[in-house]
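Only one structure is covered here, and it is reproduced in the block below.
Each value in this text was obtained by applying a stated rule to the coordinates, not by laboratory testing. Predicted model only: the values in this text are computed from it and were never measured. All Cβ positions, even for glycine, are placed from backbone atoms using ideal geometry, and neighbour counts span all protein chains on display.
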């Protein structure tokens, strides 16, 4: 029984102590002091900017005062015991320091990119070019060098940079070489590799066997071309598409240019002419003329009518080498020699023997009147004495003045001629008969 009594007593005593302490803490005791009261945590730091533009090797090393046992975080991240923050790119950063009593302070730091190292740098790229040895070869090269800075690497046509400026195994073409220095500053240059001209000194000769069309206007002519001076030829005609064969058929008469192109694209050409067969071979065109003589003392009225034979189709005719005409009649001709040429539809020609146009002889009625005048009037009307301007020794004067002759010698108007008196009736009748017949030289 004493054991249990003692235990209960001790329990009651402990509870009393707890209650007393609790009451003292919450009810009427003195509050604990704020450990941060009057404490200012101040942060300073050293900023190390990135070494290259866009780099992330910047850092901030912070230092805090206003307590002890500091830990740090950056931009609200987890606290750490180290005050050093590395791997930073350009930007604004807030660092918080917390001391062992939980008192904190913050400070903002700015990390910036370095100034552009390339502003004053001019990098010049030069190179030595070795062209490929053939059009299809890839054995050209560019040996590039750069100046204006140091620590260069090189790239070709935007590829990966390499430590050397030697680029080999290149074919013909355009290339861009870029050099980059240790600060990333770059310079570029363009180079062109050219293949040697495979046609230099090469002469391609084109020859051909020609077959002319067998008829005029026919299209069964042909050209069979061949080339020498190289190999692997293809052919075209008059600028058309190239073909493997040098045979061109179905051709009409005309001029043709045939080109041969070898395996390297080198070209030679030849000009060839196909002609129609001569349609006049074995053709003899004859021309026969019918001649109508010229009547004197009036406008020329001689005429030649030509008739051609021996040719093909319709004929045209030319007088004395003049323009050809459709008509075979040439009129209004004076006395003279005329040559008529006939041409058929194939332009085959034949020429007549000279056609002689002569003046027609005087007619019997005119001869009688002329004899009357010579017997009665010529003594006063001749070459040396032409009374009234009349000379009856010239035949055409008689024809032209026939009406005057009748008026004076037949009608005595205004007076009779000859002046010795009117001619006998038989003589006057001769004049009347001639004039009534037409009064021409040929009547």
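Panel order for 402, 408, by other beta carbons found within 10 Å of each beta carbon, from fewest to most: 402, 408.
State the extension gain, in nm to one decimal, for the chain segment bounded by residue 121 and residue 437, taking 0.36 nm per residue of separation less the distance between their alpha-carbons.
Working it through step by step, the gained length comes to 101.4 nm.
Here the range 416-443 is scanned for amide nitrogen atoms under 14 Å from the site 7 Å beyond the Cα of residue 380 along Cα-to-Cβ, giving 416-423. Can you grab the distance from the C-alpha centre of the range 88-156 to the C-alpha centre of the range 427-443, Å, no decimals? Computed from Cα coordinates, the inter-centre distance equals 131 Å. Across the range 205-274, the mean sequence separation of Cα contacts (distance under 8 Å, 6 or more residues apart), normalised by length, yields a relative contact order of 35 percent.
For residue 143 and residue 416 in one chain, what is 0.36 nm times their gap in residues minus the Cα-Cα distance, to one decimal in nm?
Values: separation 273, 0.36 × 273 = 98.28 nm, distance 12.98 nm.
Extending this stretch completely gives an extra 85.3 nm.
Hey, any idea what the orientation-averaged projected area of the convex hull of the range 124-193's Cα atoms comes to, in nm²?
On the way: hull surface 16.3 nm².
Seen from a random direction, the Cα hull of the range 124-193 projects 4.1 nm² on average.
Specify the inter-centroid distance of the range 268-295 and the range 400-420, based on alpha-carbon positions, in whole Å. Using only Cα atoms to place each centre, the spacing works out to 61 Å.
Compared with the dominant Cα axis of the chain, that is its longest principal axis, helix 364-376 is turned about 60°. The computed semi-axes √(5λ) of the Cα gyration tensor in Å for the structure shown corresponds, within (1) 141, 37, 25; (2) 64, 23, 19; (3) 38, 25, 23, to (1). The long axis of helix 2-23 is offset from the longest Cα principal axis of the chain by roughly 50 degrees. Fewest neighbouring Cβ atoms within 10 Å first, the residues 434, 392 line up as 392, 434.
Site pair residue 94 and residue 396 shows an inter-label distance of 13.6 nm when each label is modelled 7 Å from Cα along Cα→Cβ. What the Cβ-Cβ distance of residue 86 and residue 190 gives, at R0 = 60 Å and to the nearest 0.05, is a FRET efficiency of 0.90.
With viscosity set to 0.890 mPa s and temperature to 25 °C, compute the Stokes-Einstein D of the range 364-437, Rh being the Kirkwood radius across alpha carbon pairs; µm²/s, no decimals.
Working: Rh = 12.0 Å.
Estimated diffusion coefficient is 204 µm²/s.
Relative to the longest principal axis of the Cα atoms of the chain, helix 425-437 runs at roughly 20 degrees. Here 41, 129 are placed in order of increasing Cβ neighbour count within 10 Å, fewest first, which gives 129, 41.
Summary of the geometry: the range 349-380 and the range 157-224, compared by the centres of their Cα atoms, lie 91 Å apart.
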